[in-house]
Amino acid sequence: MTYYFKASASSLALVAMVACGGGSTSGDKDMIDDMDDIAIAPTISSLDVGNAAGALRDVQGYRRTPTTTILPTGTATYQGHVLAGIDIDGNDEITNMFGDLEIDVERLLAGDDVSGTVTNIHVLNRESPVQKLGGELTVDGTLDDGTKRISATMNGDLQGVFTDGEREIISVDGSMLGSTRDKYTGRNALGFNTYDVAAGVSGTTSGTISGGETGSFTGTFHGEEQ
């Protein structure tokens, strides 16, 4: 399949990847209003994908926060990525999905709220970026103070050029399940291990795709506290 690319404003920073094009975008979501069969040029590289996979492994290496730990109150912001295998019916050129994740965990005595977004979403052929998708996904859920488990939805509409070679809107209906993780920081004077409590979050994500295309995805997410 041949993809024709439109250079978004954010892609101008990567001069080697820019392809000049007309048309217009709508806000930060890069939705294309007036051009058919136009894909948005990737703004990431295979190296970015590899670095994200490495960061995921780092956070997964943190210990899971013990259920007996009392989390500090206040809002914690985590930044990381979503990396998932994606299966779009009839399309074997798109195999993976990548996006920038930012979530806020509002830690309150009465319960912890989780909210955030997945932006800069790309579809890949293996580790090679194919195109950037218009739109973003919204994360909404909770963190259980007792189990330290995160449960959230990850939903939204995305726009791109898929199986039929035409611009289409797909709806993503997903979930995220994970936990907070503590980063090892060394030993104290008494010889006990010390940790940065809830320094990271990680887990799994899965869901379905409907609308202009149908399919499913399953993968992982991670974030480190900022």
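Observations on the structure shown:
- Part-to-part distance (alpha-carbon centres) for the stretch 82-148 and the stretch 157-198, which is given in Å: 7
- For a label point 7 Å along the Cα-to-beta-carbon line of GLU168, residues of the stretch 37-60 with backbone N under 14 Å: 37-38
- Here the gap between SER175 and ASP140, fully extended at 0.36 nm per residue and compared with their Cα-Cα distance, gives a gain of 11.7 nm.
A short reminder: the numbers here are calculations on the coordinates, not readings from a lab. Bear in mind that the values here come from a model prediction, so they are computed numbers and not experimental data. Positions of Cβ are backbone-derived with ideal geometry, glycine not excepted, and every protein chain shown enters the neighbour counts.
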